[in-house]
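The structure appears right after this line, and notes come after that.
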Amino acid sequence: MICTTIREGEDCVFMTAAGCSYNEGNCLPVVEECMGCQRMSEYPTGMYCKAAPDPSLKWKNGSCNMATHIKTTTETKKQKINPIKASKRR
């Protein structure tokens, strides 16, 4: 349904005919860690996340999985090569 409380005009999964069904009855504003994310948008009532109604819960256990401004890098281990076996392969 279309939100009628905080993010007016946007589609929201928590909106019902009786109003917002989220915990406090409306979305919570973004936290400091969200600054720079592309999913953040400004409304007349403040800055809110388009992906999460409570952004602080997304950052509770580390990085937000929806954050667009954080790049995750995976470190690849270089495997040790036995020089004797390597010389036999040639």
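Amide H to amide H, which residues 5 or more places from residue 43 or on other chains are under 5 Å from it, using H placed in the peptide plane?
Hits under the 5 Å cutoff: 48.
Mind checking the dipole of the chain: about its Cα centre, +1 per Lys or Arg Cβ, -1 per Asp or Glu Cβ, Debye to the nearest 20?
My answer is approximately 1620 debye.
Can you give me the long-range amide H partners of residue 10? Hydrogens built in the peptide plane at 1.01 Å from N, cutoff under 5 Å, separation of 5 or more residues or another chain.
So residue 10 has HN proximity to 3.
For the chain, state the semi-axes of the equivalent ellipsoid (square roots of 5 times the eigenvalues of the alpha-carbon gyration tensor), sorted largest first and rounded to whole angstrom.
So the three semi-axes of the chain are 47, 13, 11 Å.
Taking each pair of different alpha-carbon atoms in segment 1-47 once, compute 1/r for the pair, average those values, and report the inverse of that mean as the Kirkwood hydrodynamic radius in Å to one decimal.
About 11.5 Å for segment 1-47.
State, to one decimal in nm, how far the label point of residue 82 lies from the label point of residue 68, with both points 7 Å from Cα in the Cβ direction.
Placing both labels 7 Å beyond Cα along the Cβ direction yields 5.0 nm.
A short reminder: the numbers here are calculations on the coordinates, not readings from a lab. No experiment lies behind these values; they were computed from the predicted model shown. We place every Cβ from the backbone using ideal geometry, glycine too, and count neighbours over all the protein chains shown.
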